[in-house]
1. Convert 20 °C to kelvin, take the viscosity as 1.002 mPa s, use the Kirkwood radius over C-alpha pairs of the chain as Rh, and evaluate the Stokes-Einstein diffusion coefficient in µm²/s, rounded to a whole number.
2. Helix 65-81 versus the longest principal axis of the chain: what is the Cα-based angle in degrees, 0 to 90, to the nearest 10?
3. Between 0 and 90 degrees, rounded to the nearest ten: what's the tilt of helix 97-107 against the longest Cα principal axis of the chain?
4. Compute the distance in nm between two label points, each set 7 Å from the Cα along the Cα-to-Cβ direction, one at H13 and one at R103.
5. Setting aside same-chain residues fewer than 8 positions from K77, which lysines have a Cα under 22 Å from its Cα?
6. Among I161, I113, which comes first, then next, by fewest other beta-carbon atoms within 10 Å?
7. Once every DSSP H run of n ≥ 4 in the chain is given -39500 (n - 2.57) and the sum is divided by its residues, what mean residue ellipticity at 222 nm do you get, rounded to the nearest 500 deg cm²/dmol?
8. Please report the projected area of the range 93-156's Cα convex hull averaged over all directions, in nm².
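Values quoted throughout were computed directly from the atomic coordinates according to the rules given, and no laboratory measurement underlies them. Note that the coordinates shown come from a computational prediction; the quantities given were computed from them, not determined experimentally. When we count neighbours, we look across all protein chains shown, and the Cβ atoms used for this are built from the backbone with ideal geometry, even at glycine.
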Amino acid sequence: MVYALSGRAMIEHVATLRYYVQYEYKPIFDKGSLSARDFRKLIEIDDKHLRGSRFDWESFLFLRYSKLKADAVQHLKNKKDKRKNIVDSVVQGQVNVVTCIERWASEIPEVLIAYNLFCDLVHPNIGSAFLVASTSQETLYFSRFKGEPIGEKIFEQSFPILVSAALKPLGDQLTLLLGTIWHDDEIPKKA
């Protein structure tokens, strides 16, 4: 389960970083010289990217649990109201991770295979049940003492998918992002 949660989180983090680099930062940096308006937009993007959340961290960290509860109750009332949705209760706007995954998958469909696999391993369904199951030629067991463990096979098959889906794209996005902090004449030259 820890592996599955970590894998899904890794894909979500890479998808979100990729979304912001490709669809938020890059169009502004591609302009070349930036105006004061562009800089303000970059600050807004940074704020959304780095602080975007649906959770009220301030109330949590300062032990304002009654506010957290009141907000949750209000959210449920708003949901019944149908005119409002979860976005109305967002503390700081964020881009939904599904949007990030879908944008990435529109260019590289295999990403959706990896994401769906890791989501299935995390959710309480057959995927997560398989992580603790084992098999023999005759039957399926939910015991580590009988048969061959399915979880081990899932790991062996899914780990290369995770690495190919998340590791290289993470490096690519970080390289693009880091490239924005140096002027062309400041980029370290290879000896």
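1. Working: Rh = 20.1 Å.
In µm²/s, the coefficient rounds to 107.
2. Long axis of 65-81 versus the principal axis of the chain: about 80 degrees.
3. It is inclined by approximately 90 degrees.
4. Computed distance between label sites H13 and R103 equals 1.9 nm.
5. In chain and number order, the partners are K67, K69.
6. On the way: I161 17, I113 13.
In order of increasing Cβ crowding within 10 Å: I113, I161.
7. Values: 10 runs with 113 residues, N = 191.
Helices in the chain give a 222 nm mean residue ellipticity of -18000 deg cm²/dmol.
8. On the way: hull surface 23.4 nm².
Value for the range 93-156: 5.8 nm².
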